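The values are calculated or read from the model by the stated rules, or taken from the named source; none is laboratory data. Predicted model only: the values in this text are computed from it and were never measured. FYI the Cβ positions are ideal-geometry reconstructions off the backbone, even for glycines, and counts take in every protein chain you see. These accessible areas exclude ligands, DNA and RNA; they are computed on the full protein's heavy atoms, side chains included. Shrake-Rupley method; radii C 1.70, N 1.55, O 1.52, S 1.80 Å.
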Amino acid sequence: MKRKSLWKDIFREIWRTKARFLSILAIICLGIGFFAGIKATGPDMLDTADYYFKTHQLMDLKVQSNYGLTLENIAALQNAPDVLEVQPGYTADTFLTESGLIAKVFSYNKAYQLNQYQIAAGRLPERSGEIAIDDNRNMSKAYQVGDTITFSNTDAAVDLADSFKTISYKVVGVVKSPQFIESLTRSSSSIGKGTSDAFVVIAEEDFNLPVYTEAYLSFKDTAEEQAYTETYDALVEKHKKAVEQIVHNQPAEQLAVIKAEGQAKLDEAQRKITAVKQKLTDAAAALAVAKAKLDEGSQNNQDGPTSNPQRVQGQADYEVGLATYEAEKQKADQEIAKAEQEIAEGQKKLAELALPKSYVLDRSSNSGYIEFSDNADRLASIATAFPVFFFLIAALVSLTTMTRMVEEQRQQIGTLKALGYSNGEIMLKFLVYGTLASIIAAIVGLAIGFTLFPTIIYNAYGALYNLPSVRTSFYLSYSAISVAVALLCTSMTAIIATRVELRSNASILMRPKSPRSGQRILLERIAFLWKRLSFVQKVTARNLFRYKQRMFMTVIGVAGCTALILTGFGLKDSIGDIAGIQFSEIMKYQAVVAFHEDSPEQLKASYDELIAATPQITGSLKVTQDIMIATKKGVNNQDVVLFVPETTAGMDRFVVLKDRKTDVKQQLTDQGAIVTEKLAKLYNLHAGSTLTVKNNKNESFQIKVAG
């Protein structure tokens, strides 16, 4: 009966002080929701990406060769250990005439399973002359379903007919690819500025290449592993080494085949030359016979009439034949000379052929793949710091509230103790009060945190990535931590607050609490300052020092909230100032003119004349720029711009190289490259280090760092 009345009193107290109960519940709910939400966002992002990759069967490895991949190469790859599927394909780079965009063209064969496209509008190409375009901002502004796209090339030495059977296509669909999860950036390009603006997809039959340009591989043991995990990365690394061993043994054989095929073409050309020469020899012999017969007829008729019709006709036929022979001989001589020159050049090229270079690439070579993981990891880092403030504030609020609640019910505690209730039974009331608030807050906070926060944060990345809606999950570990911290904030504070009071006996507890004895505070010892304070100010000062616990909790709570607010504004202001500093103090130029690599000298000269004749242009600097990829084992690949000025004289007028902290300028010399501070930090670079970069052909280069 006693216990039943105690529980009634507990729930009566909750209803009577529901505002206090809800305040504890709200602050704990906020802390748990924030903690669980941010902690879950990173894993949810990675799980969403992994589901997208599995749904569209993103490849595990990609094999490329600068000489292409033959059927024999593909067959060798199919013998790799644990290989599940090998999918050959064609790719090429081209300009899109109507828009001037640079596109990476992929072949499509509906029989293949890897790297399946997600259709955003229309359909995939089903026959020759159809094309599906990239669902990114560049293409959506330039083309719609039903438009016509024409391929072109600014390099006159490159014939598009060598790569494509047709150069005009009708847009039949808009698609997304699991190879490109970023919204804007695409792969590198062998033409133009070095990077592609978009990708397009055409039927495999529209390619006119003699060999495949790449092959995609998937493996049996990686099919069920989640992307971005150490297990998956270890398996892919193992398969990568096995595939590299396979392709390492093929270059010599492939080079021999290429040389044999090239020599066969040259031999065929030589046979044609020989045939033409033989034909000319036969024609010359026939003409000589005709000449001999004409001379013999003239000799037999030398005593006859001079106007013999047969002799006249023979002479005319011979002259026509001679003229035809000479014309054909002249033409044949030109063709033979040209063919012999081409054969000589072909022989030289065959002799200069080096061993083919093959490259085995994993998913990290795809645009945005690693960056997406980095963003998820950054969120996880934030989740380890920010929620601490919320939990700390929740603990302070709970401690203050429970302490005040215990002090208010001091006489009731004494009465219960006098009636025979044990300390544990009396403490149970406050434990249940705090624990019930924590449990309800945990349930609500976890529900909100695991669903609302990941969706909001993930949608904020929506403009950066082409991925489906976030997949939310329940995480037992984060839930357990949240509940434990919530109970610690309330139950522990309830125990601390009640134990202090329960040390006294019932008679003391039933009497009003004696006020604390007054003591002189520090300010009172400073006479000239204390005298100038008003009565209210003196009382306030004494209360602050008398109730130090409340003062410190208030200070810490306000300081924590202020720190969070200032952190947000500080991040905003810091990021907002970057662009202004970058393009006013570091990059000082106002415009860039890009040349085509095959621009004739006449156009370059006219450009120089235009620059010199324009008074508004106060200076110009010719540079070479190229997009490279910085690589290092254990570090994510980074796109870097290789900037090579024609001269360093006056370079500070266009680009300033200086230390961010000391403002000391650095001079570019032939002793090595100067790298950015961020790149140096990522790759642990310093003066004398070596940076490895790759071009768009996956060729590696070593660059010495000078500063």
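Just read off the accessible area of residue 510 with the full protein assembly in place, 1.4 Å probe, to the nearest 10 Å².
Result for residue 510: roughly 90 Å² accessible.
If you fit an axis through the alpha-carbon atoms of helix 535-546 and take the longest principal axis of the Cα set of the chain, what angle between them do you get, 0 to 90°, nearest 10?
Approximately 80 degrees, to the nearest 10.
Near residue 384, within a Cβ-to-Cβ distance under 13 Å, what is the net charge of the other residues, with Lys and Arg +1 and Asp and Glu -1?
After counting each charged neighbour, the total is +1.
If I stretch the segment between residue 603 and residue 404 completely, what's the gain in nm (0.36 nm per residue apart, minus their alpha carbon distance), one decimal?
Working it through step by step, the gained length comes to 63.1 nm.
With a Cα-only, solvent-free Debye model of region 643-707, what are the log10 I(q)/I(0) values at q = 0.24 Å⁻¹?
-1.17
Under a crude label model (7 Å from the Cα following the beta-carbon direction), how far is residue 561 from residue 677 in nanometres?
3.5
Quick check on the chain: what are the equivalent-ellipsoid semi-axes from the Cα gyration tensor, as sqrt(5λ), descending, whole Å?
So the equivalent ellipsoid measures 84, 32, 21 Å along its semi-axes.
Using only the heavy atoms of the protein chains and a 1.4 Å probe, how would 239, 596 rank by accessible area, largest first?
Highest to lowest solvent-accessible surface, that is 596, 239.
Using a ≥ b ≥ c from the Cα gyration tensor of region 454-560 (square roots of the eigenvalues), is it rounded, prolate or oblate, where a/c under 1.5 gives rounded and otherwise the larger of a/b and b/c decides, a/b for prolate?
Oblate shape, in that a/c is at least 1.5 and b/c is the bigger or equal ratio.
Keeping all protein chains in place, calculate the accessible area per residue for the chain (probe 1.4 angstrom), answer in Å².
With the other protein chains kept in place, the chain gives 57 Å² per residue.
For a test of the definition: using alpha carbon positions, the gyration tensor, and the 1.5 limit on a/c, classify region 580-656 as rounded, prolate or oblate.
Taking the square roots of the gyration eigenvalues as a ≥ b ≥ c, region 580-656 is oblate.
Helix 309-352: angle to the longest alpha-carbon principal axis of the chain, degrees 0 to 90, nearest 10?
Taking Cα atoms only, the helix is inclined about 30 degrees.
Add +1 for every Lys or Arg and -1 for every Asp or Glu among the other residues with Cβ under 12 Å from the Cβ of residue 54, and state the total.
-4
With a 1.4 Å probe and all protein chains kept in place, how do 530, 7, 15 rank by accessible area, largest first?
These residues rank, largest area first, as 15, 7, 530.
If each DSSP helix of 4+ residues adds -39,500 (n - 2.57) and the sum is divided by the residues in the chain, what number results at 222 nm, nearest 500 deg cm²/dmol?
It lands at -17500 deg cm²/dmol.
Mind scanning 18/513; 357/697; 110/170; 259/331; 54/176; 588/665 and naming the pairs with a C-alpha gap bigger than 20 Å?
18/513; 259/331
Any chance you could give the angle, 0 to 90 degrees and rounded to 10, that helix 476-487 forms with the longest Cα principal axis of the chain?
20
Given contacts defined as C-alpha pairs under 8 Å and at least six residues apart, what's the relative contact order of the chain, whole-number percent?
The normalised contact order for the chain reaches 19 percent.
Quick one: work out the % antiparallel among DSSP beta bridges in the chain, nearest 5.
Close to 80 percent.
Using only alpha-carbon positions, what ratio does the radius of gyration of region 197-282 give when scaled by 2.2 N^0.38 Å?
1.92
Checking the cross-link filter: which lysines have an alpha carbon closer than 16 Å to that of residue 265, excluding same-chain neighbours under 8 positions apart?
Those lysines meeting the cut-off are 338, 348, 349.
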